[in-house]
Amino acid sequence: MDITQFIPDIGSGFVIGFVVGWAVKKAIKVVAFLIGIYILSLLYLAKIGVISINKEAFSALLGNLENSILVFGDKLVGIIHSFSFGASFLAGFGLGFKKG
């Protein structure tokens with residue numbers, strides 16, 4: 001078995017992982033900003049009396065969202081492990097996420 005046959009998989013996995021990690025971090029930042037603006041607008045509207053916020057239902061919604069994210073993360077880990085270049089993909093993803 002020649003080890004050089006795995007070099008293209010390792011290199012491409014790393015590059016793809018880096019790009020995906022960088023893009024995911026940027027997307028997370030945009031989504032966090034939009035969610036923050038949305039929540040601030042809700043709080044402002046509640047303060048001036050335009051809307052009323054059911055705090056118990058809002059807390060339950062955030063708890064459900066957290067569980068959904070954890071389930072998605074578990075599925076994503078399973079998908080990444082199924083790739084032949086999973087290790088280099090994860091290394092590139094980690095570096096791209098850190099640099100992004």
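Applying 0.36 nm per residue to the separation of PHE72 and ILE28 and subtracting their alpha-carbon distance, the gain on full extension is 14.4 nm.
Give a residue-ordered list of calculated ³J(HN,Hα) values for the range 16-27 (Karplus: 6.51 cos²θ - 1.76 cosθ + 1.60, θ = phi - 60°; whole Hz; x for Gly, Pro). Computed from phi, the couplings for the range 16-27 are 5, x, 4, 5, 5, x, 4, 5, 5, 5, 5, 5 Hz. With 32 Å as the limit, the listed pairs LYS47/LYS99; LYS29/LYS75; LYS55/LYS99 have LYS47/LYS99; LYS55/LYS99 beyond it between alpha carbons.
Coordinate-derived values only; no laboratory data. All of these numbers come straight from a predicted model, not from anything done at the bench.
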